[in-house]
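Peer 1: This is the structure I have questions about; it appears just below.
The values are calculated or read from the model by the stated rules, or taken from the named source; none is laboratory data. Just so we're clear, the structure is a prediction, and the values are computed from it rather than from any experiment. With ideal geometry, Cβ positions are generated from the backbone for all residues, glycine too; neighbour counts draw on all protein chains shown.
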Amino acid sequence: MTDLEGKQIRVGIVGTSCIGKTCMIKRFVENSFHGSQYNSTQGVDFFARRMSLKTVGTVTFIIVDIGSNALNSKMLPIYINGIELFLLAYDMTNSNSLNELRKWITVIAAFSGTRNYEPSVALVGLKGDLEHLRAVRLDAHTRFAQEHNIPLSFLSSAKSGESVLTCFQKCGIYHLNPDAKQRVREHAILQASLPPSKRESLVGGVPHNHPVLLPPPPSKSVAGGTSVPDPNSTVCSLQ
Ligand SMILES: Nc1nc2c(ncn2[C@@H]2O[C@H](COP(=O)(O)OP(=O)(O)OP(=O)(O)O)[C@@H](O)[C@H]2O)c(=O)[nH]1
Ligand SMILES: [Mg+2]
């Protein structure tokens, strides 16, 4: 691949049904949110967005939206083949959706073992705008991430747009910049070794004073359902 083409990263978003996976991707790719519609994803859908990342350059995110029913499908190995970054998603108003991620963690570990490569993994709590309905406390989120050695975690909302762009940016930098990856891992190990009262809290989707935090991007940040079509975005589907 030439410098002109830039880098590519294949991202898979997984989790149980109706937790907001597709909405999060659409917020990232199209900057849109259609709250009244729910069409369960069958098989997988593909989306793409190209953007520039600090310290990395131009990156095309190929995003595989994996329907929750894929977990029991014979096609699963094909759906997740080549995914370099998994976003393990749950709905923060539904504690069962966090527990359900254990199944995906087992699948990803088994698959990576057979392919001899290690994808990056991030934990993403969705529907962050529904704070009044929260069922998963921040300490449960953090404990889950530590228990499964997940170094990156976010709370986001497709509805408000909070932390959606940040999540993809930071995950992209983590995956593509070895120095950033090293710093995040050291930080995660340090955090895990501290007593809970000394750990950084998660605010606005990312840990405070995180070593690879970048300032939020100035222009493309999102708000309340506005749709800004992006010429660098595209979508297709495979079922
Ligand atoms: N309040 C709120 N609702 C959301 C948010 N994201 C998604 N929803 C709603 O949650 C429902 C499910 O959203 P989807 O994105 O289709 O869920 P999914 O995880 O892709 O579901 P499957 O394709 O069945 O696996 C829809 O009714 C959305 O309107 C959010 O950030 N805030
Ligand atoms: Mg979906």
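Peer 1: Tell me whether segment 1-18 contains one or more residues that are within 13 Å of ligand 1 (Cβ to nearest atom), modelled with pLDDT under 95 and loosely packed, with under 15 Cβ neighbours inside 10 Å.
Peer 2: no
Peer 1: Could you list, in sequence order, the residues of segment 63-88 that are more than 16 Å from ligand 1 (Cβ to nearest atom) and either within 15 Å of the chain's Cα centre (by Cα) or buried (at least 17 other Cβ atoms within 10 Å of the Cβ) (or both)?
Peer 2: Those that are more than 16 Å from ligand 1 (Cβ to nearest atom) and either within 15 Å of the chain's Cα centre (by Cα) or buried (at least 17 other Cβ atoms within 10 Å of the Cβ) (or both): 83, 84, 85.
Residues checked against (1) touching a residue at least 24 places away in the same chain (Cβ under 8 Å); (2) more than 20 Å from residue 153 (Cβ to Cβ):
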site: 11; (1), (2): yes, no
site: 29; (1), (2): yes, yes
site: 53; (1), (2): yes, no
site: 68; (1), (2): yes, yes
site: 72; (1), (2): no, yes
site: 79; (1), (2): yes, yes
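Peer 1: Here is a list: 47, 33. Which entry is within 13 Å of ligand 2 (Cβ to nearest atom), surrounded by 13 or more Cβ atoms within 10 Å (Cβ to Cβ) and either in contact (Cβ under 8 Å) with a residue 60 or more places away in the chain or among the charged types (D, E, K, R) (or both)?
Peer 2: Of the residues listed, the single one that is within 13 Å of ligand 2 (Cβ to nearest atom), surrounded by 13 or more Cβ atoms within 10 Å (Cβ to Cβ) and either in contact (Cβ under 8 Å) with a residue 60 or more places away in the chain or among the charged types (D, E, K, R) (or both) is 47.
Peer 1: Select from segment 50-70 the residues that are among the hydrophobic types (A, V, I, L, M, F, W, C) and away from ligand 2 (no atom under 16 Å from the Cβ) and list them in ascending order.
Peer 2: 51, 53, 56, 59, 61, 62
Peer 1: Go through 55, 41, 60 for me and flag whichever is more than 8 Å from ligand 1 (Cβ to nearest atom), assigned to a loop (DSSP other than H, G, I, E, B) and β-branched (Val, Ile, Thr).
Peer 2: The unique qualifying residue is 55.
Peer 1: May I pose another question? Quick one: residue 94 ticks every box in (1) within 12 Å of ligand 2 (Cβ to nearest atom); (2) closer than 16 Å to residue 157 by Cβ bar one, so which box is it?
Peer 2: (1)
Peer 1: So, one more: Specify which of the listed residues (40, 73) is more than 19 Å from residue 8 (Cβ to Cβ) and within 14 Å of ligand 2 (Cβ to nearest atom).
Peer 2: 40
Peer 1: Another one. Just a yes or no: is a residue in segment 21-30 at pLDDT 95 or above and either away from ligand 2 (no atom under 15 Å from the Cβ) or in a loop (DSSP other than H, G, I, E, B) (or both)?
Peer 2: Within segment 21-30 (the criterion being at pLDDT 95 or above and either away from ligand 2 (no atom under 15 Å from the Cβ) or in a loop (DSSP other than H, G, I, E, B) (or both)), the answer is no, since none of the residues qualifies.
Peer 1: In segment 88-120, how many residues are at pLDDT 95 or above, outside any helix (DSSP H, G or I) and not hydroxyl-bearing (Ser, Thr, Tyr)?
Peer 2: The total comes to 6.
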